[in-house]
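First up is the structure itself, then whatever we jot down about it.
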Amino acid sequence: GQNIDQPTEMTATEGAIVQINCTYQTSGFNGLFWYQQHAGEAPTFLSYNVLDGLEEKGRFSSFLSRSKGYSYLLLKELQMKDSASYLCAAFFSGGYQKVTFGTGTKLQVIP
Amino acid sequence: DAGVIQSPRHEVTEMGQEVTLRCKPISGHNSLFWYRQTMMRGLELLIYFNNNVPIDDSGMPEDRFSAKMPNASFSTLKIQPSEPRDSAVYFCASSPRDYQSLGEQFFGPGTRLTVL
């Protein structure tokens, strides 16, 4: 399988900026998605990157470096409701687009 | 839009019993995914259907697990016989893209399965 690595837990302060990193194996890589999952709920789509660079979407941005096998999700102006798990999901080719999810980063936002 | 619908939302059963989980994808979506989520292993892809045909079932743990998609609006995941280690949250997701292109996945609310 394809290894996806992300930190297990992070803590950040309300109003601050936090960066959640994700690394993956580059062989066969096609694109990367970020999902948010609140406790007890289903994952919901946040962003995706296919090309190198930064994709901005309001308070959330996602960056991709294909050559380095690296992505990050940047959350600005943190709010208490941003406390959730953030899942990195990479797509790999092999006749079809095969997706592998990371185990997720649990973010706790504190006052 | 109703979103992806899963039933039941919670299932408690005894070891050895058959369990059937159900999913109705978003109308018009071509792809359907079954996932299992546990604290230890995170979100694992079990099987992936495209236009009702299984494309990848390499994530199905063993012969006790089977999945069907008889039509575009319904899929089942069956565990027979169930074991305590099958306890997890099972998610169904659908995507408007086909198997050759990337696509956002829309997840159902999940079924929390407990096998005693």
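The values are calculated or read from the model by the stated rules, or taken from the named source; none is laboratory data. Just so it is clear, the model here is predicted, and its values are computed rather than measured. Positions of Cβ are generated from backbone atoms using ideal geometry, with glycine treated the same way; all protein chains shown enter the neighbour counts. For accessibility, only protein heavy atoms count, side chains too; no ligands or nucleic acids. Shrake-Rupley method; radii C 1.70, N 1.55, O 1.52, S 1.80 Å.
Just to be sure before I move on: is B:ALA67 under 13 Å from the mean Cα position of the chain (by Cα) and either modelled with pLDDT under 95 or under 17 Å from B:ARG9 (Cα atoms) (or both) in the structure I sent? Before you say what the answer is, go through the steps one by one.
Details: under 13 Å from the mean Cα position of the chain (by Cα): yes; either modelled with pLDDT under 95 or under 17 Å from B:ARG9 (Cα atoms) (or both): no.
When the stated conditions are applied, B:ALA67 does not pass them.
Check off (1) under 12 Å from the mean Cα position of the chain (by Cα); (2) touching a residue at least 24 places away in the same chain (Cβ under 8 Å) for A:GLY28 and give me the number that stays unchecked.
If we test A:GLY28 against (1) under 12 Å from the mean Cα position of the chain (by Cα); (2) touching a residue at least 24 places away in the same chain (Cβ under 8 Å), just (1) comes out false.
Working carefully through the options B:SER73, B:SER31, find the one that is at pLDDT 90 or above and either touching a Cys at 6+ places or on another chain (Cβ under 7 Å) or within 14 Å of chain A (Cβ to nearest Cβ) (or both).
Being at pLDDT 90 or above and either touching a Cys at 6+ places or on another chain (Cβ under 7 Å) or within 14 Å of chain A (Cβ to nearest Cβ) (or both) holds for just one of B:SER73, B:SER31, which is B:SER31.
Would you mind stating whether B:ALA93 is under 12 Å from the mean Cα position of the chain (by Cα), facing another protein chain (nearest Cβ under 9 Å) and assigned to a strand (DSSP E or B)? It would help to see each step written out before you state the result.
Details: under 12 Å from the mean Cα position of the chain (by Cα): yes; facing another protein chain (nearest Cβ under 9 Å): yes; assigned to a strand (DSSP E or B): yes.
In short, yes.
State yes or no: is A:PHE60 more than 24 Å from B:PHE91 (Cα to Cα) and touching a Ser or Thr at 6+ places or on another chain (Cβ under 9 Å)?
Numbers: more than 24 Å from B:PHE91 (Cα to Cα): yes; touching a Ser or Thr at 6+ places or on another chain (Cβ under 9 Å): yes.
Considered against the rule, which asks whether it is more than 24 Å from B:PHE91 (Cα to Cα) and touching a Ser or Thr at 6+ places or on another chain (Cβ under 9 Å), A:PHE60 comes out as yes.
Taking the range B:76-90 as the search range and keeping residues that are open to solvent by less than 10 Å² (accessible area, probe 1.4 Å) and not aliphatic (A, V, I, L, M), which one is farthest from the other protein chains (Cβ to nearest Cβ)?
Out of the qualifying residues, it is B:SER82.
When the residues of the range B:10-46 are narrowed to those that are without any contact (Cβ under 8 Å) to a residue 40 or more places away in the chain and open to solvent by 10 Å² or more (accessible area, probe 1.4 Å), which ends up nearest to B:ASP98 (Cα to Cα)?
Ranking the qualifying residues of the range B:10-46, first place goes to B:LEU45.
If you take just the strands (runs of 3 or more DSSP E) that sit entirely in the range A:1-98, which of them hold at least 2 residues that are of a type in the set (S, T, N, Q) and within 14 Å of another protein chain (Cβ to nearest Cβ)?
Strands (runs of 3 or more DSSP E) meeting the threshold: A:29-37, A:44-49.
Could you list, in sequence order, the residues of the range B:52-70 that are small (Gly, Ala, Ser), within 27 Å of A:GLY31 (Cβ to Cβ) and away from chain A (no Cβ under 14 Å)?
Of everything in the range B:52-70, just one residue is small (Gly, Ala, Ser), within 27 Å of A:GLY31 (Cβ to Cβ) and away from chain A (no Cβ under 14 Å), namely B:ALA67.
Checking the condition under 16 Å from the mean Cα position of the chain (by Cα) and either buried (at least 21 other Cβ atoms within 10 Å of the Cβ) or touching a residue at least 60 places away in the same chain (Cβ under 8 Å) (or both), which residue from A:GLY104, A:GLY58 passes?
When all the criteria are applied, what remains is A:GLY104.
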